[in-house]
1. So how far apart, in nm, are the two label points at residue 30 and residue 13 if each is 7 Å from Cα heading toward Cβ?
2. Once you have the Cα-Cα distance between residue 40 and residue 22, take 0.36 nm times their residue separation minus that, and quote the gain in nm to one decimal.
3. With the Cα gyration tensor of the range 126-205 in hand, convert its eigenvalues to equivalent ellipsoid semi-axes via √(5λ) and list them largest first in whole Å.
4. Can you give the extra length, in nm with one decimal, that the chain gains between residue 186 and residue 97 once fully stretched, where that is 0.36 nm per residue apart less the Cα-Cα distance?
5. Gain in length, residue 157 to residue 198, computed as 0.36 nm per residue apart minus the alpha-carbon separation, to one decimal in nm?
6. At a Förster radius of 45 Å, what calculated FRET efficiency corresponds to the Cβ-Cβ distance of residue 64 and residue 179, to the nearest 0.05?
7. About the Cα centre of the range 59-113, what is the dipole size in debye to 20, counting +1 per Lys and Arg Cβ and -1 per Asp and Glu Cβ, all else neutral?
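None of the figures in this text is laboratory data; all of them are computed from the coordinates on show. Small disclaimer: the values here were computed from a predicted structure and weren't measured. Note that each Cβ is placed from the backbone with ideal geometry, even for glycine, and that neighbours are counted across all protein chains shown.
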Amino acid sequence: MTVSAASAPTSFACPVCGRALAPESLGRETETACPGCRALLSGSFLPAFWSPEKASSTMADHAFDGDAVCFFHPENRATLSCDRCGRFVCTVCDMPLGTRHLCPTCLSSGLGAEKLPELVVRRFHWANATFLAGLVPLLIGLVCWPFFIVTGPLTIFCGFFGWKRPGSLPRGRRRWLAVVGLLLGFIQFAIWVAALLAVTYSASWRNAFR
């Protein structure tokens, strides 16, 4: 491991006793005993440990006379403006969202009542709605069957309307659930048609034998 003398830290603290140790004494493959507490240590450092100046260069630049300053940090130089409100922001306050750059205030308002099209807080799950609309009426079918003329087409509509709609972010569209719901919707409609035909023909038969 080659480390420049200008950027390499001179020591690091033992996590057990806090004694200063040379960074070169720590290795991932072999364990090293701390001279103070004799604790066995092993591991490696992130690149930022060896180049602290390079790591800190990503922070916001200090503003000088005549520079545009950040609305939230007047000591920092502004690098761009918020695409929503126009406030100047520094690299710390820049909140990229899709193709736009927002300030923290505009991003926070997008989580509340003022919805941002790029920021999805919650999403209606059409597959779940299709499944529930198809299953629940069938569970109470003896009482609910006259309403199958409404719940059946409603289930079918939810299934086809939400087929290409975005699904749940962690679970996806779950189209198998929509397929099951569509089948249950068609079953509801078929039961309503069969019940209507049965009532119609039984009435006609009774009239025929009078």
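1. The two pseudo-label positions are separated by 2.8 nm.
2. Value of the extension gain: 5.0 nm.
3. That gives 30, 10, 8 Å for the three semi-axes.
4. Computed gain between residue 186 and residue 97 is 27.8 nm.
5. Details: separation 41, 0.36 × 41 = 14.76 nm, distance 2.63 nm.
That works out to 12.1 nm of additional length.
6. Values: r = 64 Å, r/R0 = 1.42.
After rounding to 0.05, the efficiency reads 0.10.
7. 280
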